[in-house]
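The next block holds one structure in the form of structure tokens; read it before the comments.
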Amino acid sequence: MDASSNAASGTPDAASLIEEPAEGLLSLVQGFVPVDWLSKLIVIVVALAATALASRLALKLIHRVLSHDSVPLPSSSIFANIVRVVIWAIGVSVILSSCFGIDVTAAVAALGIGGIAISLGFQDTLSNLISGLQLSIMGIVEPGDNVEIGGQQGIVSDVTWRHTTIVSSTGERIMVPNSVLNTSSLIQLPPPRKVVVPVSVVASGDELTAVSDRMAQAALAAAQEVGGVEKEPSVQFTDVTSFGFTGNVVVWMEEGADPAAAKDAIVRAIAPLTRETSGTQRGAAEE
């Protein structure tokens, strides 16, 4: 169905929905300002201001909606970028139609014909955009995740239309293209607030519980000197070897605490306890 059939049936198409308000605005301005170029300039300024205001309000709404826990989508800026592009595309279409007489429908049709050439020229950009949408909608990568990609480890700061920003423990900002994330292996590490220290304990089996209790107390005291502790430390042994027992000391830090500094303090505090000797051995050593 073409534009004439739409007009005959009384059903407005997308172009008319943009052109009619724009032409009405131009006619209204020309009623007060008879100079043609001045009236068009006023319409352009008004349209740009309205578009900027609409874009800002829409972005605030998007951020507010995505920040709710009930919304399954992450608070990545890729969604805000798409909304911003759509609003500005509508605003530019209004200006072109009202002030310069450009047929928006014909322009869109021309872009459709040249879509193949455009897609080839922007192949990497489109690949990163689609990959970013897949990663965000499927929840594979979200801001705040602790990940490792290609040997690079850090906290995901944001997912944009082109790349994903990762902040390392040293404060370096690593930009990884979304297409690389979509085709490479991604390791989801424990949350940064969870400090895990592998340990190997040389002790007799009957004293293992006492040693683990002393380790938990030492880890708690050391972690509290760095920042707040959210949960009581736990010592979990996972294996028995010919040299003793291996496991992990797990401490959950509060928001804002430095996990690297906490891990260093915990290692220094529990290091002497990893070589605990049994009571019989200590008594023999004292004699």
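None of the figures in this text is laboratory data; all of them are computed from the coordinates on show. Note that this is a predicted model, so its numbers are computed, not measured. With ideal geometry, Cβ positions are generated from the backbone for all residues, glycine too; neighbour counts draw on all protein chains shown.
Per-residue counts of other Cβ atoms within 10 Å, averaged by peptide: what ranking do you get for 218-229, 82-93, highest first? Walk me through the intermediate numbers first.
Values: 218-229: 18.4, 82-93: 15.8.
Taking the mean over residues of other Cβ atoms within 10 Å, the ranking is 218-229, 82-93.
Net charge within 13 Å of THR160 by Cβ-Cβ distance, Lys/Arg positive one each and Asp/Glu negative one each, not counting THR160 itself?
Working: positive: ARG84, ARG162, ARG173; negative: ASP158.
Overall, the nearby charge balance is +2.
Around VAL83, what is the net charge, scoring Lys/Arg as +1 and Asp/Glu as -1 over all other residues with Cβ under 12 Å from its Cβ?
On the way: positive: ARG56, LYS60, ARG84; negative: none.
That works out to +3.
So what are the ³J(HN,Hα) numbers for region 178-194, from phi and the Karplus equation (6.51, -1.76, 1.60; θ = phi - 60°), rounded to whole Hz, Gly and Pro as x?
Coupling constants for region 178-194: 4, 5, 5, 4, 6, 10, 10, 6, 10, 9, 8, 8, x, x, x, 6, 8 Hz.
Once Lys and Arg get +1 and Asp and Glu get -1 on their Cβ, which of ALA222, VAL202, ALA261 lies farthest toward the positive end of the dipole of region 194-286?
So the residue furthest toward the plus end is VAL202.
Sequence-distant or interchain residues sharing an amide H contact under 5 Å with ALA203, placed H: which?
PHE245
Rank LEU273, VAL251, PRO233 by how far each Cα sits towards the positive end of the charge dipole of region 194-286 (+1 on Lys, Arg Cβ; -1 on Asp, Glu Cβ) and give me just the farthest.
It is LEU273, whose Cα lies furthest towards the positive end.
Taking the alpha-carbon distance from LYS263 and a cut-off under 22 Å, which lysines remain once sequence neighbours fewer than 8 residues away in the same chain are dropped?
Those lysines meeting the cut-off are LYS194, LYS231.
Compute, for region 194-286, the length of the dipole vector about the Cα centre, with Cβ point charges of +1 (Lys, Arg) and -1 (Asp, Glu) only. Units Debye, rounded to 20. Walk me through the numbers before you get to the answer.
Working: 7 positive and 13 negative charges, 44 e Å.
Value, rounded to 20: 220 debye.
Can you list the residues, at least 5 places off or on another chain, whose amide H is less than 5 Å from the amide H of ILE174, using H built in the peptide plane?
Under 5 Å from the amide H of ILE174 lie the amide H atoms of ILE166, VAL167, SER168, each far enough along the sequence or on another chain.
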